[in-house]
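No value in this document is a laboratory result; all are computed from the given coordinates. Because the structure is a prediction, the values reported are computed rather than measured. Please note: Cβ atoms are built from the backbone with ideal geometry, for glycine as well, and neighbour counts cover all protein chains shown.
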Amino acid sequence: MLLPIAIIFKVPLRRFVLAVKEPFLVAFSTRRHRRAALPLALRNLERLGVPRRIVSFVLPTGYSFNMDGTALYLTLASVFVAQAAGIDMSLSQQLLMLFTLMLTSKGVAAVPRASLVILSGTLVQFGLPLRGVAVILGVDAVMDMARTSLNLVGNCLAARPDGAVGRILYAVA
């Protein structure tokens with residue numbers, strides 16, 4: 001979804017990728033310590049042309065509330081548990097799960113395995129076996145790296161180079 005958004009809003013992709021590459025690698029390698037990439041992301045987006053007041057507002061706010069990678073991961077993990085248990089979920093149940101996880105993933109603590117607590121609650125709420133968390137635990141470290149990096153890219157994209165999204169958020173706040 002991030003690529004179509006970037007194309008629709010005419011983000012200069014090559015410059016954006018170059019600006020986000022270093023913070024992405026820091027976020028990926030440090031896993032849940034995504035805040036380690038914040039100074040690099042701030043600096044690189046300012047160099048890209050995003051106004052400082054926009055970057056310094058949008059990125060920290062996104063770190064707390066824009067958890068698109070976490071919501072995506074939790075939804076896929078929940079559907080995986082359902083499939084592994086042989087439980088068929090209707091499309092409406094899957095969409096309800098997605099919307100529930102979009103809301104519950106906001107403000108997830110930046111500590112290792114915090115999303116597993118939300119996953120456990122979701123599995124119980126939707127009648128899925130809780131033992132699925134044990135299966136997910138085996139790959140959670142690698143998936144944590146991916147979702148942390150995706151969260152960072154989403155936050156950087158929200159502070160687009162022309163600052164339009166950031167200016168709207170800044171004005172609302």
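Observations on the structure shown:
- Extreme residue, positive dipole direction of the range 15-71, given options PRO39, THR70, PHE57 (C-beta unit charges): PRO39
- Listed by Cβ neighbour count within 10 Å, with the fewest neighbours leading, ASP140, ASP88 appear as ASP88, ASP140.
- THR70, THR30 arranged by Cβ crowding within 10 Å, fewest neighbours leading: THR30, THR70
- Exposure proxy ranking for SER115, SER105, based on other Cβ atoms within 10 angstrom of each Cβ and starting from the fewest, stands as SER105, SER115.
- When the Cα atoms of the chain are aligned to their principal axes, the ranges along those axes come out at 50, 31, 29 Å in descending order.
- Each helix, a run of at least 4 DSSP H residues, gives -39500 (n - 2.57); summed and divided by the residues of the chain, these come to -23000 deg cm²/dmol at 222 nm.
- Orientation-averaged projected area, Cα convex hull of the range 1-47 (nm²): 3.5 nm²
- For the range 43-103, the equivalent ellipsoid built from the Cα gyration tensor has semi-axes of 36, 11, 8 Å, listed from largest to smallest.
- PHE9/ARG131 FRET efficiency (R0 30 Å; Cβ-Cβ; nearest 0.05): 0.10
- Relative to the longest principal axis of the Cα atoms of the chain, the long axis of helix 140-158 makes an angle of roughly 40 degrees.
- Values of log10 I(q)/I(0), in the order q = 0.11, 0.14, 0.20 Å⁻¹, for the range 68-143 under a Debye, Cα-only, solvent-free model: -0.23, -0.38, -0.80
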